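Asks: Would you mind keeping the following structure in view while I ask a few things?
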């Protein structure tokens, strides 16, 4: 199939590459000439595991342009995957989506070809059938559901594993204007998936609500586990890992995301949870669960900072893990960055280390911290060490690196108990 992917950023570039790698002919569209040039030169425009190999395998099935008219004329479906930044009230803004849709509509005006516009960006419920539909019909002169298809098909993916997640989704969610449009979108994904997930087709608003409801439910599980962790720390003999492992065996609950550690971060979970609360409040519905989930998440940084203050006084602290999760350079809402900032503000000398996200963290934290290229060197220079992500680089640090009376706060409980034989090893979620 001939496909246009609108937006070649952190999600769009991997999507375009995966589609082309699986045999589709793909034209990527972006107004940033650097992204267009990178694709046309066979280079990954963003850092993401597996992306470059997909681009290499795609060959001449993948190209890019900044010309919407060129891309739309040569495609049967356009997939819009551009940012929808959160506003002050927590609701997602659609201005980038609307700009893309208007450009697509203008390219379709006067043509007789049937085209499906598929929105993959996360939007607030009511957006697709509201201002997005209006923008498309106004710009194109076509009628949605008759002359042109309009679908909402958000991805359930995370930075650092985008390629894998695109190929192995738990489900494919399609909000459709009509069955014909939904058929086109389903056919695109049936042709690339490595598994056979359920495809859920429904109306636009149900799909929009489902997307943010999924992430809000996941964040609730994370905050619930962290609440249990706080309880276990104050309950002699309690171990949160034992509790959550048993809890996850119940089929009504399940083990995924039921791990106590630090709070959730990244570009999706925090804002989707806040958006759900904003949606509910705007409809006159109390959002107690979403708001409590957010409150529990926000207090995790203070919990660690207070613990460090009790254990280390004003000593030098090394925070290992700046990315919001391992294997990505992304630091959006990263617990490690937030902890490092708070410790520096409290008067500590703070050293930071991360195998992927050191430069991104340095750009955010500035000269309030000292960036160390080697985790082992950061440990050697510190009085207290905080393990803020479960990265393999930290899990595999030699036990000897912690000699010298170090205090180690292992938030993810990834270090060997042998570390506790030569250092003061503190696991979150375990009672004394």
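Asks: Can you give the FRET efficiency to the nearest 0.05 for residue 34 and residue 2, using r as the Cβ-Cβ distance and R₀ = 35 Å? Could the numbers behind the result be given before it?
Replies: Working: r = 25 Å, r/R0 = 0.71.
It comes out at approximately 0.90.
Asks: Rounded to the nearest whole Å³, what is the per residue volume of the convex hull around the Cα atoms of region 2-202? Write down the numbers at each step before the final one.
Replies: Working: hull volume 21.9 nm³, N = 201.
So the per-residue hull volume is 109 Å³.
Asks: Of the beta bridges DSSP finds with both residues in region 2-202, what % are antiparallel, to the nearest 5?
Replies: Working: 3 of 31 bridges.
Roughly 10 percent of the beta bridges in region 2-202 run antiparallel, per DSSP.
Asks: Here's something else I'd like to know. Counting other C-beta atoms within 10 Å, which of 304, 419, 205, 101 has the fewest, and how do the rest follow? Spell out each step's value before the answer.
Replies: On the way: 304 24, 419 21, 205 17, 101 29.
In order of increasing Cβ crowding within 10 Å: 205, 419, 304, 101.
Asks: So what's the angle, to the nearest 10 degrees on a 0 to 90 scale, between helix 95-108 and the longest Cα principal axis of the chain?
Replies: The two axes meet at around 20 degrees.
Asks: Could you work out how far apart the two model spin labels at residue 213 and residue 66 are, taking each label as a point 7 Å from the Cα in the direction of the beta carbon, and quote it in nm?
Replies: Computed distance between label sites residue 213 and residue 66 equals 4.2 nm.
Asks: If I take all pairs of Cα atoms in region 170-241, what percentage of them are more than 20 Å from each other?
Replies: On the way: 1342 of 2556 pairs.
Roughly 53 percent, rounded to a whole number.
Asks: Kirkwood Rh, Cα Rg: Rg to Rh for region 231-427?
Replies: Working: Rg = 17.5 Å, Rh = 17.7 Å.
Here Rg/Rh amounts to 0.99.
Asks: Can you compute the FRET efficiency between residue 400 and residue 359 using 1/(1 + (r/R0)^6), with r the Cβ-Cβ distance and R0 = 41 Å? Round to the nearest 0.05.
Replies: Values: r = 28 Å, r/R0 = 0.69.
Taking R0 as 41 Å, the efficiency between residue 400 and residue 359 is 0.90.
Asks: At a 10 Å Cβ-Cβ cut-off, how would you order 86, 53, 127, 251, fewest neighbours first?
Replies: Details: 86 17, 53 13, 127 23, 251 6.
Exposure proxy ranking, most exposed first: 251, 53, 86, 127.
Asks: Let me ask something else. For region 125-203 and region 364-426, what is the centre-to-centre distance using only Cα atoms, to the nearest Å?
Replies: Result: 44 Å between the Cα centres.
Asks: Also: Report the residue, chosen from 418, 70, 356, that carries the largest GNM mean-square fluctuation when the chain is represented by alpha-carbon nodes joined by springs under 10 Å.
Replies: Highest fluctuation among the options: 418.
Asks: Once you have all Cα-Cα distances for region 360-432, histogram them in 5 Å bins from zero and send the whole-percent values.
Replies: 3, 16, 25, 27, 15, 9, 4, 1
Asks: Quickly estimate the mean residue ellipticity at 222 nm for the chain, helices only: each DSSP H run with n ≥ 4 gives -39500 (n - 2.57), and the total goes over all residues, rounded to 500.
Replies: Dividing the helical sum by the residues of the chain leaves -12500 deg cm²/dmol.
Asks: Sketch the reach of a paramagnetic label on residue 310 as a point 7 Å from Cα along Cα-to-Cβ, and name the residues of region 410-426 whose backbone nitrogen lies under 18 Å away.
Replies: 410-413, 424-426
Asks: Report the FRET efficiency, 1/(1 + (r/R0)^6), for residue 187 and residue 227, where r is their Cβ-Cβ distance and R0 is 51 Å, rounded to 0.05.
Replies: Values: r = 44 Å, r/R0 = 0.86.
FRET efficiency, residue 187 to residue 227: 0.70.
Asks: Please report 293, 219 as a ranked list, fewest other C-beta atoms within 10 angstrom at the top and most at the bottom.
Replies: On the way: 293 29, 219 25.
In increasing order of surrounding Cβ atoms, one gets 219, 293.
Asks: Right, here's the next one. Output the Cα-based Rg and Dmax of region 62-102 in Å, rounding Rg to one decimal and Dmax to a whole number.
Replies: 13.1, 39
Asks: Follow-up. P(r) tail for region 83-155, what percent of Cα pairs lie past 20 Å?
Replies: Working: 684 of 2628 pairs.
Value for region 83-155 (Cα pairs over 20 Å): 26 percent.
Laboratory data are not the source of any read-out in this text; all were calculated from the coordinates shown. Every value quoted in this text rests on a predicted model; they were computed, and no experiment measured them. FYI the Cβ positions are ideal-geometry reconstructions off the backbone, even for glycines, and counts take in every protein chain you see.
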